Each structure stands twice: as structure tokens, then as C-alpha cells.
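Down below is the structure, laid out as C-alpha cells.
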Amino acid sequence: MITYPEISSVALDLGFAQIHWYGLMYLLAFVSAWALGNYRAKQKKSGWTKDDVSDVIFYGALGVILGGRIGYIIFYNFSVFLENPVIILRIWEGGMSFHGGMLGVFAGLYLFGRKTGRTFFQVSDYIAVMVPLGLGFGRIGNFINKELWGRPAESVLPWTMDYGDHIARHPSSLYQALTEGLLLFIVLFVFSRKPRPTMAVSGVFMMGYGAVRFITEFFRMPDAHLGFVMFDWMSKGQQLSIPMIIFGIVIFIMAYKNNSPEKNKK
């Protein structure tokens, strides 16, 4: 069992300002998306420019920050917000919802698509590959902030962690960094290297994220103020992931059905 290394939430104290690890992880997320987006824009027949990449990341960043924070307040902490509305501004303390951020990004992609004459799924297929690495950095931020404790392990394993309560727990935020971040990135990067019908890459992202989030939630403690929300075992994160999986399956099937050889002959 590993003892959790106590890490200050402040990465750099400049005296007049403090740079928090959580904010630094968001910066790394956006930088990685920008670098990957520019790399893909250079590929033949990408149809994207460096300016397009910068613009879509700007729209996406606004969606992530606004949607993620508002989603966290609505989905996970609404009663506390009603008592103390100022908590919505305390982003440095953590508390961002992926599902809320996703809805915010959807809005940003729609606006960017209207501006550039692209459909929503043409935009979402392109940026889907850029998202997982950012998710991974976010989970590392959760780990540094000592958030999202894992559930107690049935047996002590070499990688289980003592967060200070002398209980061997799964390092669930690191599990999620590896699956939502690294694993999902590899799957999407490999899948998107060949031409795919519109909506297919978005479908894989929705199915993939929903599935790994649903599974890894079994190793993560449910939010203390919510507990299990269904069946005495389902967390809020799992509940919100089910529609993602269903939607991903639907649009993936539609992508290939709309581009079937039989239909293309008509």
C-alpha cells in the first residue's frame, strides 16, 4: 500500500498571485488539444487550418469552463449553491462536471460550426480525438487536489493508497486518468487515422467515454452528499454516463447506415 503524497494545491506562489495545480492541468489540457489539433490539420485533405484549430479550442474552452462549473453545481451541489451562490466562482477549489462541460462544449461546437459553415458532427468528429488527453490531465488534477477518493479495496494491493484514513483504497482518479485519458485517446487516434463516415468518431467517443466512466466509477467513492442515486449501487456519474453510451451507439449505427454501399448507389 502506498501512502498518499501530500501535495500542496498551489504549484507556484508568486507572492502577488498563486498558480494552482488544478488550473495548470487545465492549461496543459488546452495546450495538448492545440498541439494535436495542429498536427492533424497538417495532414492531407484535413480541411482544417491553424486558425480553425485555435478558434475551435477557444469555443471549446469556454464551454468546458462554463458548462463544467455550472454542470457541477446543478448535478452535484445545487442545494449548497442555493445557500451560498458564490461557490460557483471558486473553480480553484475543484468541482467541475465532465457531463456539464460536455454540454457546454456541444454549444461551443454548434456556434463554431455555424461560423465556419460546418455541421455539428463535422466539428465534433475532429475535436473528439483532442479531448481524452485533456480529461487525463483533469484527473491528475483531481489526484493532486486529493479529490475523488477510491473505494476501499477488498485486499491490499501494491498500488492501493492510504489517503490518510489508514484504509487501502483504489486510486480511482489515476484509474480514470489512464482510461478516460490515455486509453480512450489511443482508441480514437487509431480509429480516426482512416477516413470514417461523419458521426462515427463522435459515436466512438461517446460510447468509449461512457463505458470507461461507468466501469471506473465502481472503484470510486460516490459523492458524499449524494451517495448512490439508484439501486443502492449506481453513482451520479454512472447515471449520467448511460445516456452517453446509448447516444454513442445510436449515432455510430446511423453513421454507417447513412453511408452504406446500398444507399450510396441510389
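Nothing in this text is a laboratory measurement; each read-out follows from the coordinates by a stated rule. As the structure is a prediction and not an experimental result, all values here were calculated from the model. Virtual Cβ from ideal backbone geometry, glycine too; neighbours counted across all protein chains shown.
Using only side-chain charges placed at the Cβ, +1 for Lys and Arg and -1 for Asp and Glu, the dipole size of region 140-266 relative to its Cα centre rounds to 960 debye. Placing a pseudo-label 7 Å from each Cα along the Cα-to-Cβ vector at D165 and Q18 gives an inter-label distance of 2.5 nm. Label sites at A224 and Y39, each approximated as a point 7 angstrom past Cα along Cα to Cβ, lie 4.0 nm apart.
Normalising the average separation of contacting C-alpha pairs (under 8 angstrom, six or more residues apart) by the number of residues puts the relative contact order of region 2-264 at 18 percent.
Taking the average, over residues, of other Cβ atoms within 10 Å as the packing measure, peptides 247-259, 59-71 rank 59-71, 247-259 from highest down.
Lys-Lys pairs in the chain that are eight or more residues apart or on separate chains and whose Cα atoms lie under 17 Å of each other come to 7. Report, in degrees rounded to the nearest 10, the 0 to 90 angle that the Cα long axis of helix 131-144 makes with the longest principal axis of the chain. Long axis of 131-144 versus the principal axis of the chain: about 0 degrees. Among 155-166, 231-242, 176-187, 35-46, the peptide with the highest mean count of other Cβ atoms within 10 Å heads the list, and the full ranking is 176-187, 231-242, 35-46, 155-166.
With everything on Cα atoms, drop me the angle between helix 236-258 and the longest principal axis of the chain, reported from 0 to 90° to the nearest 10. Around 10 degrees separate the two axes.
State to the nearest 20 debye the size of the charge dipole of region 1-62 about its Cα centre, where the only charges are +1 on K and R beta carbons and -1 on D and E beta carbons.
Dipole of region 1-62, to the nearest 20 debye: 500 debye.
Rounded to the nearest 500, the 222 nm mean residue ellipticity of the chain from helices alone is -17500 deg cm²/dmol, with -39,500 (n - 2.57) taken per DSSP H run of at least 4 residues. Output the 0 to 90 degree angle, nearest 10, between the alpha-carbon long axis of helix 50-62 and the longest principal axis computed from the alpha carbons of the chain. The two axes meet at around 40 degrees. Dipole check for the chain: with +1 at the C-beta of Lys and Arg, -1 at the C-beta of Asp and Glu, and the Cα centre as origin, the magnitude is about 1640 Debye.
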